[in-house]
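Worksheet: one structure, shown below.
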Amino acid sequence: MTKQPRKHRRFRYSAPLHVRRKFLSAHLAEDLLIKYNRRSLPVVKGDTVRIMRGEFKDHTDKIAFVDLKKGFVEVEGVILTKADGKKVAKPIHPSNLLITKLNLTDPVRRARLEKGVPEEVKKEIEKEAEEQMKELAEEKRKAEEEVVEEAEEEEEQEVEEKPAGETIEGTGKKKEEDRAAEKPAGGEKKTKEKPVVTKATSSKKTSKTKGKSTGKKVKEGKKDA
């Protein structure tokens, strides 16, 4: 292992995602530390954490988003207001967090936690995972119901606005019927016959043609003589 800082920095900045995941580890609360015999774990979406330092110190809520590329996480309720009034989530480094409750819905994570722990703890992990799965299913059902309610409200608003639109459509149909009645029967279209213009040939002879004709007559007279 190298001691050069530049190589350590290069390793961290160019590390693949499965390695960066380990960089985003946070300490476990004392009860979890004793239960799982671990000091820290990589954070995942759904973990309940407490902020230990900074402006939002002692704020406790769930992790909403984990950014492996940038190396930060977003916690629900930790929001900043920009100068233009827009609200954005503040990124927090996992080293400033303490995990108070683990998200056990992932079977792979459960399997890793169950290694080297007593059977009683394994049963507790499975029981807690079932409760969390039920909570997730309930939240999903509520979200679907809200979407359906919003769609129904939009349909009701459209139905309320339709009568005004129907009168406009009716007047348009009447106009189309009137136009169809004005058209000749059989769908024949009236075509305007263009008058045929014939150019009249002028009998007047120009000076050039006159000269030619007189010249011919003179030549004929000479031949006769």
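The values are calculated or read from the model by the stated rules, or taken from the named source; none is laboratory data. As the structure is a computational prediction, the values presented were derived from the model and not from experiment. As a convention, Cβ positions derive from the backbone with ideal geometry for all residues, glycine included, and neighbour counts pool all protein chains shown.
Here are the numbers for the structure shown:
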{"read-out": "Some residue of the range 98-116 being touching a Leu at 6+ places or on another chain (Cβ under 8 Å), at pLDDT 95 or above and either of a type in the set (V, I, T) or on the phi > 0 side of the Ramachandran plot (or both)", "value": "yes"}
{"read-out": "Positions within the range 75-95 being touching a Lys or Arg at 6+ places or on another chain (Cβ under 6 Å) and surrounded by 16 or more Cβ atoms within 10 Å (Cβ to Cβ), in sequence order", "value": "V78"}
{"read-out": "Conditions (1) touching a helix residue (DSSP H, G or I) at 6+ places or on another chain (Cβ under 8 Å); (2) within 24 Å of Q132 (Cα to Cα): number failed by V66", "value": "(1)"}
{"read-out": "Residue in the range 117-128 that is surrounded by fewer than 16 Cβ atoms within 10 Å (Cβ to Cβ), touching an Asp or Glu at 6+ places or on another chain (Cβ under 6 Å) and part of a helix (DSSP H, G or I) present", "value": "yes"}
